[in-house]
Amino acid sequence: MPTLGVNIDHVATVRQARRTVEPDPIAAAVLAELAGADGITAHLREDRRHIQDRDVRLLRQTVRTHLNLEMAATPEMVAIALEVRPDYVTLVPERREEVTTEGGLDVVAAGDRLAQAVTRLQQAEIPVSLFVDAEAAQLQAAAATGARFVELHTGTYANALTDSARERELAVLKEGTALALGLGLRVNAGHGLTYWNVQPVAQIPGMEELNIGHSIIARAVLVGLERAVREMKALVA
Ligand code: PXP
């Protein structure tokens, strides 16, 4: 059964809507851990639209489970990661105009720059996960960078409109997981997972961690964060 990484970006989104100090994502991380989160995930974006540098540094000091720092493979972010030392880094594609991450990295096209970021981080003993679509070519290219993990992009599965499309996308995720494991990669997944669609993904053999943000924080606004995390943890497990 996979572990649950709770992404707290959207707590920071609410704070940044007023450029104030509340709600504090650090407090949210503490509550999420008390409610059973196995890890805390935060995405420090280049435009700092939600998580701030201060958050990442404080999370490093306060998170008692593990801290997964999502970031683009830029020199600025690699330098921050080397200083802050999260438990692992997930490299994601980033475009300023996007509302959220829109798809996996194109590892095939990325070439040396991405592989160099992986090497620099892993030489500093920070394991790297590459956020990719569950496609054979991407998984093979991910393995070739030496990255320890992939995080399979579940957004297409989550957005499927019909049962048959959802089944097709689930099969893609299952095949991708098996292929990645065969390539020696460890496998996480995330993006767009909700209380309604998470269970089939959690049941994929070999799936290690699910990173879930928006759906948990959206429920937390209504029922409280601890209950929202507990309910998601029960579904994942
Ligand atoms: N995994 C990755 C790589 C992401 O970029 C995101 C969104 O920040 C998530 C997981 C969480 O996605 P969601 O907020 O849709 O649960």
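Derivation of every value follows stated rules applied to the coordinates shown; laboratory data play no part. As the structure is a computational prediction, the values presented were derived from the model and not from experiment. Because the Cβ atoms are built from the backbone with ideal geometry, glycine has one as well, and the counts that use them run over all protein chains shown.
Some observations on this one:
- Cut-off under 5 Å, modelled amide H: who pairs with ASN7 long-range: THR41, ILE212, GLY213
- For the Cα trace of segment 1-53, dividing Rg by the Kirkwood Rh returns an Rg/Rh value of 1.01.
- In terms of overall dimensions, the C-alpha atoms belonging to segment 66-120 reach 27, 26, 19 Å along their principal axes, ordered largest to smallest.
- Within a Gaussian network of the chain (alpha carbon springs, distance under 10 Å), most fluctuating of ASP47, ASP133, ASP38: ASP47
- Computed over segment 172-237, the convex hull of the alpha-carbon atoms projects to a mean area of 4.3 nm².
- Rounded Å value of the spacing that divides the Cα centres of segment 204-220 and segment 115-159: 18 Å
- In terms of overall dimensions, the C-alpha atoms belonging to the chain reach 44, 41, 32 Å along their principal axes, ordered largest to smallest.
- Segment 59-185: proportion of alpha-carbon pairs further apart than 19 angstrom, %: 51 percent
- Within the chain, no whole DSSP H helix has Cα atoms reaching 24 Å or more along its own axis together with a mean Kyte-Doolittle score of at least 0.0.
- Computed from Cα atoms alone, the Kirkwood hydrodynamic radius reported for segment 1-89 is 13.0 Å.
- Helix content alone sets the calculated 222 nm mean residue ellipticity of the chain: runs of n ≥ 4 DSSP H residues at -39500 (n - 2.57) each, divided across all residues, give -14500 deg cm²/dmol.
- Separation of alpha-carbon centers, segment 55-83 and segment 1-19, rounded to whole Å: 14 Å
- Note on segment 98-215: dipole from Cβ charges, positive end direction compared against HIS214, GLY184, ILE204; the farthest Cα belongs to GLY184.
- Of the trypsin sites (Lys or Arg not before Pro) in segment 130-237, not one is in a loop by DSSP (not H, G, I, E or B) with at most 10 other beta carbons within 10 Å.
- Per-residue HN-Hα couplings for segment 46-51 [Karplus 6.51, -1.76, 1.60; θ = phi - 60°; Hz; x = Gly/Pro]: 4, 8, 6, 6, 10, 5
- Cα shape, segment 92-154, gyration tensor, a/c 1.5 rule: prolate
- Debye log10 I(q)/I(0) for segment 110-237, one point scatterer per Cα, at q = 0.16, 0.18, 0.20 Å⁻¹: -0.81, -0.96, -1.09
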